[in-house]
Amino acid sequence: MVDLLTGVTVGAGVVVATALTAGADVVSAPLRPVGPLAYLLVAASGLALAWRNAAPTTTVLVTVALGVGYQGAGFPGGPAPVPIVLALYSIAHRGARLQSLGLGLLAILALLGARSLAVPGGFASPLLIAFPITVLAALFAGQLVAARRGQRQRTLERQAAAEQAREYDIQRRVDAERLRIARELHDVVAHNISLINVQATMGAHVIATRPAEATEALVAIKSASKQALRELRSILQVLRQADETDPTAPAPGLADLDAMLASTAHAGVDTVLTVSGTRRTLPSTVDVAAYRIIQESLTNVMRYAGPAPVQLQLHYADANLSVQVDSDIDTGVDPRFGGSGQGIAGMRERAAAVGGTLHAAPDGHGRFLVRADLPLTVA
């Protein structure tokens, strides 16, 4: 509807302008008087602009054909070529550079050729100068608009891509935090529940004959459950509202290793700790990863071997910390224990998260070896 109204308006305007400028051509030879045919041609040319968006190329060709008819009939030039100029602008601002240039050249040659051949002395008409300049100006303006529109579109696309990248980064951080919380929950619950299970089983067997040992088992259960609750509170604190002010307990690390070994010793898992190299302060992420890997390794010992001796070695090298847990585990108890279970998968994820590696497999001599190499610096 808007395009049709524009076409009618342009057509009417060209008709009026043609009437006002009739006979204004400075060619010395007399021109054909403006009559109904002239008005019909310029009106039809203006009306054709109603299709400049739906069929831009066709619109240019129609207006050029009507313009050639007007000029070839010998009518005064005046504003008759205006619809051609507008049609060329409409196709140029779409960004079709070569097509618009080709159609512009066609329009210039067609109109000037018709004018020169139809009007005696037509080579002296101002149309020969004014029309090409107007066409080139329209093409340049259209290309400029197309370039600015393209630049604006590219800017919007870059902004959309940047926003998508930010959303992806936020989602990645959220997923990483969820995975960290899941690992923490698994390690805390698995270790302490396994410890409680072992102590409860032992207490149930000796409560009638050796009440003192049963009492020790109950004390160990109380300590393990208290430790589990404390660590669970610390983990779940990150999910609380930001305006809550409950204190958050520090994440566990190798400084808490003696307490963990003491609690597992009550379950019959005697651990011999050997430390080599120069002890040093570890990055917090590496400290937590080392603690959790040892914790999960001892949990697996309690699950699959029961009371069994464990050799734990910590070696502080120049660039990395090596954690090695060597134990008597019967891998036939659970065929998944060779490396596809959640526990070992979690240990591998923890090592990889800080840029380290983890190897967990039987050594071929009836023992199970877990070795983690963790960097002392985290990028």
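The values are calculated or read from the model by the stated rules, or taken from the named source; none is laboratory data. All of these numbers come straight from a predicted model, not from anything done at the bench. Reconstructed Cβ throughout: ideal geometry from the backbone, glycine too, with neighbour counts over all protein chains shown. Only protein heavy atoms, including side chains, enter the accessible area calculation; ligands, DNA and RNA are left aside. Shrake-Rupley method; radii C 1.70, N 1.55, O 1.52, S 1.80 Å.
Just how much of Thr58 is accessible, in Å², when a 1.4 Å probe is used and the result is rounded to the nearest 10?
Surface accessible to solvent at Thr58 totals approximately 80 Å².
Quick one: how many Å² of His359 are accessible to a 1.4 Å probe, rounded to 10?
100 Å²
Report the gain in length on full extension from Ala65 to Thr285: 0.36 nm times residue separation, minus Cα-Cα distance, nm rounded to one decimal.
71.4 nm
Any chance you could run the full-extension gain for Val219 through Ala352? It's 0.36 nm times the residue separation minus the Cα-Cα distance, nm to one decimal.
So the extension gain works out to 44.2 nm.
Give me the dipole magnitude in Debye, nearest 20, for the range 130-229 about the Cα centre, with unit charges on the beta carbon: positive for Lys and Arg, negative for Asp and Glu.
For the range 130-229, the charge dipole is close to 560 debye.
Just how much of Ser225 is accessible, in Å², when a 1.4 Å probe is used and the result is rounded to the nearest 10?
40 Å²
Need one number: nm distance between label points at Asp328 and Gln159, each 7 Å from Cα along Cα→Cβ, rounded to one decimal.
7.0 nm
What order do Ile196, Ile91, Ile170 take when sorted by accessible area (1.4 Å probe), most exposed first?
Ile170, Ile196, Ile91
Put Tyr89, Tyr168 in order of accessible area, largest first, 1.4 Å probe: what do you get?
Final ranking, largest accessible area leading: Tyr168, Tyr89.
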